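Colleague: This is the structure I want to talk about, given as structure tokens.
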Amino acid sequence: MLNDLIIGMAGSGGDGIVSAGESLMSAAAREGYYAILTKSFGSQIRGGESSCRLRIATTPVLNPAGALSVAIALNWEDFLRFGGELPVTSDTVVIYEQKTGVAPDAIPLKVRPAIVRSAPIEDLAKSSAGTLQAKNNVVLGLLCGWFGFGRDAILEGIRKKFGKKGPEVLAGNERAFAAGIEFAEKNPIDASRRIAAATGGKGVRRVTDGNEVCAEAALFAGCKFFGGYPITPATEIMQHLQRDIWKHGGSLLQAEDEIAGIAAVVGASFAGKKAMTATSGPGFSLKSEVLGLASQAELPLVCVNVQRGGPSTGLPTKPEQSDLFAAAFSAHGDSIRPILAPISVSDMFGVTVEAFNIAEEFQTPVIVLSDQEIAQRKDIIDPIDTTGFKLVDRLVPTAEQLAGGYSRFKLTDSGISPITHPGLKGGAYLAAGIEHNEHGDPTSSGEMHEKMNDKRLRKLNPLRQRRDLFVIEGDLNAPLGVISWGSVAGVALEAVRAARASGIAVKLMVPKLIYPIAEEIYAEFFASLDQCLVVEQSHQGQLHRLIRMWVDVPGKFVSLARSGANPIAPAAVLERLRELSQPLQPTAARRSQTKPLYRDDLRAY
Amino acid sequence: MISEPIDPGCGAAAASTCHVAAQGERGLAPTAPASGPAAPTAKDFKSTLKPIWCPGCGDYGVVTAIYRALANIGRLPHEVAFISGIGCSSRIPGYTTAYGFNTVHGRALPVAQGIKMANPDLLVLVAGGDGDGFSIGGGHVPHAIRRNLDLTYIVMDNQIYGLTKGQLSPTTKRGAKTPSSSYGSMEDPVNPLLYCLAYGAGFVAQGVPADLDGLTKMIEEAIRYRGFSFVNIQSPCVTFGDADNQVKVQKTRMKALASLGHDSTNRLRAMDLAQAYGEELYTGVFYRNPNPPQTYDAQIRERQGALKV
């Protein structure tokens, strides 16, 4: 029996692969399992290849994991197109469509899987339901029969989905499901491959994704305005909000472009409301100038960037963590915009609420770096307990402060000055992108510019002490450390746990506050370290480099970084940790230095 | 559509501005109600900040007309949000006592729409130059018009980039020689009046600072119009502008539409007249929709009310 099963399926658009994954996911939630479902598509709007990965476990799952326990190919061309996203090893059970005509010993994979089975999926769909559209339910039957998923929970899902389409359609799909089970039972697979029964949590958990959770959290935090523009993979945040924000007395603008979207958010914030926008890389680039305006005018707002592969259009449907530099240095001038990053779908709730709190308290734009995986993968999550959350509102001047002559940008010790909004008598001021004095009047004085820059940066200093925005796990005195962030943090966490189980002394730090870099917190973490590995999904290893810009790092400060759409599996991180925990190789093995070329180059001038 | 405001957005000071809520959908009244504070005067809208404008700039006349129009409307300065972009004319909110927001180049309209959506009780004025509105911010104009929030957009059209010292603007005439067109402009100018009429604006007018009374009245009418209103002001640039477009010349060139017998409810006739932009200097209201459609902000309130939990 297994406690953790990873299923990968691929087919072409009409095969219903993703729909089968979703059905299995709902069934798993009903049964009380935890799971993560990730989907992957070609860039076609309809049709084309599609795949999904489903990791089902009896305990909470932190990431979609690496190698598959079960691989299902409805045709080999499509399966192979997903390459590294659906890795097969010698321990995988491979199931494929008999109609592909490939013999089990001739399947086009580089490794020899543990078990290979072909199944007449198309034929079973046709004979049982009379339509190829029932293929996905045959697949569900096979999974149920071979791997022990709850028959009733899956049937309940099929009834929910097809019940509305009439008794004939429903009966056909139920027969397709039964045909799959029957085939599996007639051609059994080793019972050790079956998943263990779920323990508890039946019916309380739900299936959701990071974009939906983000929208829920925004409303919980008191967001009263959203302005944005459709962009993959962030659009669903706007879609969820447009259904509900009105009910909370708020409003939403699908603007004519990304710039107008965030400009309207700045306006709503100026008008005194909590406001947010959401976008992805290309839109984020466009929002730069207005982010700078919000910093300068000290207006709170939340800007979610659901990262995808870049630069430019890049890989719109794949996750990447390559917008960190763009977020940290997101506009011209000397300014810092705080960056937060969630580490899971359910964590998106707390991080979004915190983003609003920081924005309001410090009167600053806050950037939330989500990514396509957290945003669009489906997780089975426990109900979010909001009782411990506090909500922060911006500091409004008292009646006495207003009566005594109000200065919007008063130079206070904290750097935070009470803020008014139109409609508030005695509080009128000029907000501006131009540098200003305490009263808000435009100035080009170098002295005032220095003071205002200092105010705008100084006010963020308390963030650098926010230890609650850092997760630390492992042996606190270990000489080996790992840092990871965002959706990849769950991968690193699993690897660190496995490493510790195998006797390696290691600790992990996951910053949810990515920027400003909290120097002291990093220094504390580094104190025991000889070596540190930074694990992230970008080609340059952007966090690895950003940390070095602000903090003295351990002697060996190495990066494990890959471009998006090349998932980092826990096993890959574990392997690096094993390497790093070995004693250093003898110096003789090091390459001798070659003569530098630049001296000769210089002579040419 | 009269509905109760959801939230006057006045926070702790709600009591001091509660008369706003009593004034119905637009929060507008010809004069402040007797029970409320004394009606403001033009002087109440003038700030102590000294304008950066050159002596003789048309924008002085524009800001004076705005003070007077706002006084005539009767809303208090703190109930007015005055939003602008970047340019000489975009400095204007700072010269008033309203809540001002001098935003970034070309984005005054989207910022203003966010403000009005967040708090529909506010009187929202938007201002900027021809470059701000029809070049860098040109993409926002049609959408602000079709969205039809109740706000007033004032463009100070001087056919030049003044703040950067005299380059071509989107309304500069073909052939004009400027520091960015030594051999003459090779492009036709945009026609702000015709654009806005074609995009569907419900109120389109043109004024000149040379006719301060006319300009004041026009701005007041624009603010009173329920929906998006556009006022193009031929505001001469005394430093880089054409000699034949200065205040003195305007006085001889201007032709009041009213004196020509123009029916401002006739949109097609308005478009016909607007074609003369750049040749004839017509002043007054080109078009006023006699049956203004429901505004976007009114729809927001309606939806919020209907869905309230």
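A short reminder: the numbers here are calculations on the coordinates, not readings from a lab. Note that the coordinates shown come from a computational prediction; the quantities given were computed from them, not determined experimentally. Note that we place each Cβ from the backbone using ideal geometry, even for glycine, and neighbour counts take in every protein chain shown.
Colleague: Can you give the relative contact order of chain A as a percent, counting alpha carbon pairs under 8 Å and 6+ residues apart? Walk me through the numbers before you get to the answer.
Modeller: On the way: 1317 pairs, mean separation 69.6, N = 605.
It comes to 12 percent, rounded to a whole number.
Colleague: Report, in deg cm²/dmol and to the nearest 500, the calculated mean residue ellipticity at 222 nm for chain A, where each DSSP H run with n ≥ 4 adds -39500 (n - 2.57) and the sum is divided by the residue count.
Modeller: Working: 20 runs with 218 residues, N = 605.
One gets -11000 deg cm²/dmol as the mean residue ellipticity at 222 nm.
Colleague: Right, another one. In this model, which of A:LYS160/A:LYS202; A:LYS99/A:LYS378; A:LYS425/B:LYS116; A:LYS39/A:LYS378 are farther than 20 Å apart at the alpha-carbon?
Modeller: Working: A:LYS160/A:LYS202 18 Å; A:LYS99/A:LYS378 31 Å; A:LYS425/B:LYS116 18 Å; A:LYS39/A:LYS378 9 Å.
Exceeds cut-off: A:LYS99/A:LYS378.
Colleague: For the protein assembly as shown, what proportion of DSSP beta bridges, expressed in % and rounded to the nearest 5, is antiparallel? It would help to have the intermediate numbers written out before the result.
Modeller: On the way: 38 of 117 bridges.
The antiparallel proportion sits near 30 percent.
Colleague: Expressed as a whole number of Å, what is the distance separating the alpha-carbon centroids of region A:485-507 and region B:232-257?
Modeller: A separation of 73 Å, based on Cα centres.
Colleague: Also, quick follow-up: Counting only DSSP beta bridges with both residues in region A:4-193, tell me the antiparallel percent, nearest 5. Before the final figure, lay out the partial values.
Modeller: Working: 17 of 30 bridges.
For region A:4-193, the DSSP antiparallel bridge percentage is about 55.
Colleague: Would you work out which of A:GLN401, A:GLY8, A:ALA523 lies farthest towards the positive end of the dipole of chain A, given +1 charges on the beta-carbon of Lys and Arg and -1 on that of Asp and Glu, about the Cα centre?
Modeller: A:GLY8
Colleague: Which whole-Hz ³J(HN,Hα) couplings does region A:345-356 yield from phi under the Karplus relation 6.51 cos²θ - 1.76 cosθ + 1.60, θ = phi - 60°, glycine and proline marked x?
Modeller: So the J values, rounded to whole Hz, are 4, 6, 5, 4, 5, x, 5, 5, 4, 5, 4, 5.
Colleague: So, one more: Picking from A:ILE343, A:VAL290, A:GLY309, whose Cα lies most toward the positive end of the charge dipole for region A:283-437 (charges on Cβ: Lys, Arg +1; Asp, Glu -1)?
Modeller: A:VAL290
Colleague: Step through the residues of region A:79-88 one at a time and calculate ³J(HN,Hα) from phi using the Karplus curve (6.51 cos²θ - 1.76 cosθ + 1.60, θ = phi - 60°), rounding each to whole Hz and writing x for Gly and Pro.
Modeller: Those phi angles translate into 4, 5, 4, 8, x, x, 6, 10, x, 9 Hz.
Colleague: Could you give the Stokes-Einstein D for region A:137-230 in µm² per second, using the C-alpha Kirkwood radius, 37 °C, 0.692 mPa s?
Modeller: Details: Rh = 16.4 Å.
So the translational diffusion coefficient is about 200 µm²/s.
Colleague: Under 26 Å Cα to Cα from A:LYS459, which lysines show up? Leave out anything in the same chain fewer than 8 places away.
Modeller: Within the straight-line limit of under 26 Å, A:LYS459 reaches these lysines: A:LYS224, A:LYS273, A:LYS274, A:LYS287, A:LYS390, A:LYS410, A:LYS451, A:LYS512.
Colleague: How do A:PHE183, A:PHE41 rank when sorted from fewest to most other Cβ atoms within 10 Å of their own Cβ? Before the final figure, lay out each step's value.
Modeller: On the way: A:PHE183 20, A:PHE41 17.
With the sparsest Cβ surroundings first, the list reads A:PHE41, A:PHE183.
Colleague: Can I ask one more? For region B:136-212, give the magnitude of the charge dipole about the Cα centre (Cβ charges: +1 Lys/Arg, -1 Asp/Glu; no others), in debye to the nearest 20.
Modeller: Values: 6 positive and 5 negative charges, 42 e Å.
Using Cβ point charges on Lys, Arg, Asp and Glu, region B:136-212 gives about 200 debye.
Colleague: What residues have an amide H closer than 5 Å to that of B:GLY100, excluding those fewer than 5 places away on the same chain, when H is modeled at 1.01 Å from N in the peptide plane?
Modeller: A:TYR429, A:LEU430, A:ALA431, B:PHE82
Colleague: Next question. Okay, helix-only estimate at 222 nm for chain B: each DSSP H run of n ≥ 4 adds -39500 (n - 2.57), divide by all residues, round to 500 deg cm²/dmol; what do you get?
Modeller: On the way: 8 runs with 81 residues, N = 309.
My calculation for chain B gives -7500 deg cm²/dmol from helical runs alone.
Colleague: Suppose we keep just the alpha-carbon trace of region A:443-491; what are its Rg and Dmax in angstrom?
Modeller: For region A:443-491, the Cα-based Rg and Dmax read 18.6, 53 Å.
Colleague: For the peptides B:136-142, B:95-101, A:154-160, what is the packing order when you average, over each peptide's residues, the other Cβ atoms within 10 Å and list the highest mean first? Each step should come with its number before you reach the end.
Modeller: Details: B:136-142: 20.0, B:95-101: 26.4, A:154-160: 17.6.
Answer by packing, highest mean first, reads B:95-101, B:136-142, A:154-160.
Colleague: Mind jotting down the distance between the C-alpha centroids of region A:396-417 and region A:174-209, whole Å?
Modeller: Here the two parts' Cα centres lie 63 Å apart.
Colleague: Just how large is the dipole of chain B about the Cα centre, in debye to the nearest 20, putting +1 at every Lys and Arg Cβ and -1 at every Asp and Glu Cβ?
Modeller: Values: 28 positive and 25 negative charges, 38 e Å.
I would put it at about 180 debye.
Colleague: OK, next. Once you average over the residues of A:390-399, how many Cβ atoms of partner chains fall within 10 Å of each Cβ? Please report the intermediate quantities before stating the final value.
Modeller: Values: counts 0, 0, 0, 1, 0, 0, 3, 3, 1, 3.
Taking all residues of A:390-399 together, the mean is 1.
Colleague: For peptide A:238-245, what's the mean number of Cβ atoms from other chains within 10 Å of each residue's Cβ? Numbers along the way, then the final one.
Modeller: Working: counts 0, 0, 0, 0, 0, 1, 2, 3.
Per residue, the average neighbour count from other chains is 1.
Colleague: What is the pair-distance distribution P(r) of region A:316-397, computed from all Cα-Cα distances in 10 Å bins starting at 0, with each bin given as a whole percent?
Modeller: Result, from short to long distances: 16, 40, 33, 11, 1 percent.
Colleague: Which order do A:CYS223, A:CYS144 fall in if you start with the one that has the fewest other Cβ atoms within 10 Å? If you can, show how the numbers build up before the last one.
Modeller: Details: A:CYS223 26, A:CYS144 23.
Ranking A:CYS223, A:CYS144 by Cβ neighbours within 10 Å, fewest first, gives A:CYS144, A:CYS223.
Colleague: Please report, in debye to the nearest 20, how large the charge dipole of region A:395-465 is about its Cα centre when each Lys and Arg carries +1 at its beta carbon and each Asp and Glu carries -1 there.
Modeller: Numbers: 9 positive and 8 negative charges, 58 e Å.
I would put it at about 280 debye.
Colleague: Rounded to whole Å, give me the distance from the Cα center of region A:529-551 to that of region B:129-171.
Modeller: Going from one Cα centre to the other spans 46 Å.
Colleague: Provide A:GLU450, A:GLU122 in ascending order of the number of other Cβ atoms located within 10 Å of each residue's Cβ, fewest first. Numbers along the way, then the final one.
Modeller: Working: A:GLU450 10, A:GLU122 18.
The order, fewest Cβ neighbours first, is A:GLU450, A:GLU122.
Colleague: Quick check: the angle from helix A:17-31's long axis to the longest principal axis of chain A, C-alpha only, nearest 10 degrees?
Modeller: Value to nearest ten degrees: 80.
Colleague: Averaged over its residues, how many other protein chain Cβ atoms are within 10 Å of peptide A:280-293's Cβ atoms?
Modeller: Numbers: counts 0, 0, 0, 0, 0, 0, 0, 0, 0, 5, 5, 0, 1, 6.
Partner Cβ neighbours, averaged per residue: 1.
Colleague: Sticking with this structure for a sec: Helix B:296-307 against the longest principal axis of chain B: what's the angle in degrees, Cα atoms only, rounded to the nearest 10?
Modeller: Computed tilt is about 30 degrees.
Colleague: So for region A:207-381, considering every pair of alpha-carbon atoms, how many percent are separated by more than 19 Å?
Modeller: Values: 7366 of 15225 pairs.
Result: 48 percent of Cα pairs exceed 19 Å.
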